[in-house]
Structures are given as structure tokens and as C-alpha cells.
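Okay, so here's the structure we're looking at.
Read-outs: derived from the displayed coordinates by stated rules, not from any lab. On a predicted model such as this, the values are computed, not experimentally measured, just so you know. Here Cβ is always computed from backbone atoms with ideal geometry, including for glycine, and neighbour counts include all displayed protein chains.
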Amino acid sequence: MSDSPSDFPAENVVTKHLLEQLRRHPKRVVFTEGEDLRILKVAAHLVKQEAVAPILLGNRERIRALAAAHGVPLTFIHIVDPPTATDFGLFCRRMENMARYRTLQAANPAEIVARPHYFGALMVQYGQADAIVGGNQSMPAAFFRALIQTIKPLPHVAKIFATSLVLGANLKHLGNDGVLFLADTGLIPNPTVEDLAAIALETGKLARHFLGRPPHVAMLSHSTKGSASTPDAKRMAAAAALAREQAAAEFLEIEIEGELQADVAIDPTAAETKLPGAESRSSADVLVFPNLDAAHISLKLLQHLAGAQVYGRIILGLSRPAAQIPLAASLDTIFGTTAAVAVEAIKFHQLYPDSDF
């Protein structure tokens with residue numbers, strides 16, 4: 001069977017929780033690169049779990065032939081070939097009216113709308129899908145560019161960024177619920193104080209939604225509470241202070257601390273040694289890194305050395321839920337990432353009440 005246990009590992013604490021929510025509130029997820037056997041298998045498995053209504057973009061005949069060759073059922077999986085879609089003309093007109101279209105330097109909007117990343121982004125922007133997943137057969141920049149140029153940004157977040165979910169049964173100090181949120185793992189090379197504060201707040205909101213309790217956010221540094229006075233350490237301390245101020249103004253249930261060394265953030269024993277009065281502190285649920293290099297390197301080390309399972313990147317700062325998956329993503333990674341971004345769509349209007357979702 002295409003969705004046999006050998007293809008899909010048993011549900012873990014995260015995917016079990018996600019699927020329970022999605023079975024009550026299934027969501028439509030558009031996959032921008034549907035001509036991929038991994039996507040076909042994940043889509044069929046999500047249908048089997050009664051969790052997601054998948055929409056696959058690509059050539060209809062090639063997708064059907066690929067599914068038939070590998071015995072993957074296409075029941076309840078909607079296939080859309082952008083250039084022949086009934087909404088192609090409508091999307092072309094809407095693209096032409098977008099101010100951002102003028103920056104694309106295309107001869108006509110049809111050239112842009114025919115590209116699956118753009119067509120999928122337009123689908124979620126105009127309510128024909130609840131979330132978008134892409135990047136499995138392309139470079140991340142191509143997918144990110146389509147999102148930025150097509151989907152409205154959240155007005156209170158200056159730059160979009162990426163959050164990754166990390167889990168692993170054999171990892172020590174992995175959050176209080178067996179899952180850790182890392183940010184920014186994909187987009188902003190050198191975030192400013194304002195960027196870091198926004199990353200902390202938006203990732204904290206996401207963690208609050210997933211965990212169902214106030215999360216503990218740690219702003220990471222080589223310094224803990226003034227142990228070093230370098231500009232980078234001061235930048236993380238300033239970002240933590242700004243994020244706390246903004247969280248209080250918005251009445252958000254998010255605990256934000258920094259600057260902290262990584263061991264202090266995740267290991268209560270280390271915290272007891274380095275922070276007086278920290279005997280009762282808990283491990284961080286969210287780690288905010290000082291720059292993209294630190295976040296991306298840490299994520300890859302956790303994944304490839306420690307054997308952590310990684311879901312995402314979940315893209316935050318947009319007015320619609322989106323996720324990017326890497327070229328070499330496993331079935332489990334694609335499945336968990338899709339479930340995560342679909343669950344984000346369930347309460348998206350509650351997370352961002354000022355959006356027009």
C-alpha cells in the first residue's frame with residue numbers, strides 16, 4: 001500500500017494532537033508542486049485520516065499517471081492545472097490590479113499566474129484554499145518570492161520569517177510538551193531589534209495556539225543577563241525588553257526572557273547555576289536566535305546529528321497560513337508540516353483578528 005506503516009511512522013505526540021483538531025475542522029491545503037510522489041502519498045494519507053482536503057497543482061495527466069504507477073488513490077484529491085483552471089482569467093485580472101505586480105517585470109499577468117507558486121498563493125489569498133505548502137521541488141527563494149509578492153502581509157510584522165517545529169523522543173530538555181519552536185530559520189539574515197521582537201511575539205502566538213498554554217520564549221545569545229556586554233548581546237536584551245512591552249500592551253499570555261545562553265534556556269539545572277532564584281524555572285518552548293546562520297545551523301545539527309524530527313518551515317508574517325518544505329523532505333516531514341499549517345488555519349482569525357481572513 002502507498003500509505004503503509006513503513007511509509008508513515010506511527011503518530012507522535014505532535015501529529016496526534018494536530019490530527020485530532022483537523023478531524024473536527026478539516027482544512028483545504030494547496031500543494032504547489034503536485035507532480036511529486038511524496039506529495040501524492042501525503043495527500044492520500046491525509047484524506048485517509050479525514051484531516052485535510054488536498055489540492056494538487058500540476059499537469060493532470062502526469063499526476064494521474066504517477067499515482068496509477070505507484071498505486072496511490074486519488075479519492076477526494078483535487079487536481080488543478082493552473083493554465084487551464086476556470087479561475088485563471090480571474091486571477092490574471094486580480095494580479096494585474098496588484099500594486100506589487102508592477103515589480104515583477106512580466107510582459108503580462110498570465111506569465112506569473114501560470115506559475116504554480118503564484119497560482120497557489122492567489123488561491124489562499126482569495127479564499128479558495130485555507131493554507132499553502134510548497135518548495136519540495138524548487139529552491140526556497142522561488143517559493144518565498146511568490147508568497148511575498150502575492151499574499152498580503154500582516155500590518156504589524158515588518159518582515160516575514162520562518163519557524164520550525166522540532167521534536168524527538170530521545171532529545172533531552174525538548175520543551176515542556178516534547179516540542180520546540182525555532183525562529184527565524186529561513187528568511188532574515190541579520191534581524192534588527194524590532195525584527196527580533198516581532199519574531200518572538202509571532203512565534204509565541206503560534207506556540208500558544210499549538211500548546212494550549214502560555215509559552216516560554218527565550219531570546220538566545222552567547223550571554224546570560226549581562227554576563228557579556230557585546231553589541232549582539234545587548235541587541236538580544238533590547239529585543240526581549242521590547243517584546244515584553246508589546247506583549248503586555250496586547251495582553252498576550254507569553255513569557256519572554258533574554259538575553260540567555262542556550263543551556264540556560266533549555267536546561268533547568270544550568271539555569272539554577274547561572275541564574276539566582278531560578279530553581280522553579282521551566283525549559284523554553286520557543287528559541288529566538290540572533291541571526292539566520294545560528295538558527296539554520298542549529299536546526300540542521302539537531303536534525304542530522306541528534307535525530308530530531310523537524311516540521312516546517314511555517315511562514316509567519318503573512319495574512320494567510322503558509323509552509324515551505326525542503327527538497328529532501330521525508331514523507332513524515334511533509335505530513336507533519338502540512339498538518340501543522342492546516343491547524344494554524346483553524347484559528348488563524350483568532351491569532352490575527354485584524355486580518356481579513
Average the reciprocal distances over every distinct pair of alpha-carbons in the stretch 136-286, invert the result, and give the Kirkwood radius in Å. 16.3
Fewest-first sequence of His17, His304 by Cβ atoms within 10 Å of each Cβ: His304, His17
Please give the helix 37-48 orientation as an angle from the longest Cα principal axis of the chain, in degrees from 0 to 90, rounded to the nearest 10. 80
So if I place +1 on the C-beta of Lys and Arg and -1 on the C-beta of Asp and Glu, and nothing else carries charge, what would the dipole magnitude of the chain be about its Cα centre? I want it in debye, nearest 20. 680
Could you tell me what a quarter of the Cα convex hull surface of the chain works out to, in nm² with one decimal place? 17.9
Along the Cα→Cβ direction, 7 angstrom out, place labels at Ala142 and Phe251. What is the inter-label distance in nm? 4.7
GluC sites (Glu not before Pro) restricted to DSSP loop in the stretch 33-95 with at most 14 other C-beta within 10 Å: Glu50
Mind listing which trypsin sites (Lys or Arg not before Pro) in the stretch 169-256 are in a DSSP loop and have 12 or fewer other Cβ atoms within 10 Å? Lys172
Picking from Ala237, Leu318, Gly175, whose Cα lies most toward the positive end of the charge dipole for the chain (charges on Cβ: Lys, Arg +1; Asp, Glu -1)? Leu318
Which ³J(HN,Hα) values, rounded to whole Hz and listed in residue order, are derived for the stretch 137-145 from phi using the Karplus coefficients 6.51, -1.76 and 1.60 in 6.51 cos²θ - 1.76 cosθ + 1.60 with θ = phi - 60°, glycine and proline given as x? 10, 8, 6, x, 4, 5, 5, 4, 4
Highest GNM mean-square fluctuation, the chain, Cα pairs closer than 10 Å: which of Ile160, Ile254, Ile297? Ile297
At 222 nm, what helix-only mean residue ellipticity would the chain give, in deg cm²/dmol to the nearest 500, using -39500 (n - 2.57) for each DSSP H run of four or more? -13000 deg cm²/dmol
Restricting attention to the stretch 41-101, which chymotrypsin sites (Phe, Trp or Tyr not before Pro) occupy a DSSP loop and are surrounded by at most 15 other Cβ atoms within 10 Å? Phe76
